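**Student:** First, the structure itself, so that you have it in front of you.
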Amino acid sequence: MQVLKTACLAAVAVTLVVSGLSIAAERRVATVALAADGDPPARDAMLAEARTWAPGSIPARAAIGLTALWLRKAGEAAAPAPRQNALAQARAMLAIADAGRPHAAATLLLHTQLALVEGQNPSRRATRAFAASYAAAPFLTSEGFWRTAYAANYWKTLSPATRDAAIEEAVWLAGLDGRFNDRLAAILGGSPMAVRYALRTRAPH
């Protein structure tokens with residue numbers, strides 16, 4: 001009986017520890033999410049705090065948000081040194097996101113964005129990650145507009161299958177809300193993708 005009681009107490013202790021870790025993880029996810037909508041000083045303060053977090057204590061969802069914030073900071077950097085530092089932080093956070101969410105559309109799109117920040121033209125790595133994001137999640141809402149913009153800008157570099165996926169997602173977005181059509185039209189501009197999109201969404205006579 002004593003052995004069983006001890007085992008039960010140990011199980012309760014483990015449960016409490018796991019619960020505590022889960023709460024701490026969710027707090028970090030929330031902290032990063034709030035910083036994404038905050039002003040630059042608040043964002044920078046949060047990023048400075050996040051650099052003190054042990055890699056093993058950063059949840060994948062928080063790492064995804066941190067990667068996006070570091071990429072934004074890299075894009076805003078006026079000097080090479082801060083830019084390279086931000087890129088290094090972005091790569092480190094993306095590695096954590098990859099480990100926790102393999103093949104997730106969000107991490108694949110971050111790989112695409114990282115490759116774009118690193119160079120002016122999309123690399124093969126960026127194009128592969130972009131194509132794979134459709135396999136992971138064919139239809140996305142907020143990220144879908146970014147994918148539409150990417151596809152429109154780099155249409156010639158995409159495979160026929162990826163072009164088809166991009167068109168399907170754009171048509172799907174237009175169907176969600178009629179007001180999205182104007183937004184999508186502005187994103188597509190005069191790109192070759194715009195012609196295919198117009199043919200798919202044109203009202204029948």
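**Student:** Loop only per DSSP, at most 11 neighbouring Cβ atoms within 10 Å: give me the trypsin sites (Lys or Arg not before Pro) in region 165-205, ordered by residue number.
**Tutor:** Within region 165-205, the qualifying trypsin sites (Lys or Arg not before Pro) (loop, at most 11 other Cβ atoms within 10 Å) are 179, 202.
**Student:** Sticking with this one: Can you give me the C-alpha center-to-center distance between region 61-100 and region 164-183, rounded to a whole angstrom?
**Tutor:** Rounded to whole Å, the Cα centres lie 30 Å apart.
**Student:** Can you give the Kirkwood hydrodynamic radius of region 121-205 from its Cα pairs, in Å with one decimal?
**Tutor:** Result for region 121-205, one decimal place: 12.9 Å.
**Student:** Based on Cβ point charges of +1 for Lys and Arg and -1 for Asp and Glu, what charge dipole magnitude is obtained for region 24-118 about its Cα centre, in debye rounded to the nearest 20?
**Tutor:** Taking the Cα centre of region 24-118 as origin, the dipole is about 140 debye.
We did not get these values from a lab; they are worked out from the coordinates using the rules stated. All values derive from a computational prediction rather than experimental measurement. All Cβ positions, even for glycine, are placed from backbone atoms using ideal geometry, and neighbour counts span all protein chains on display.
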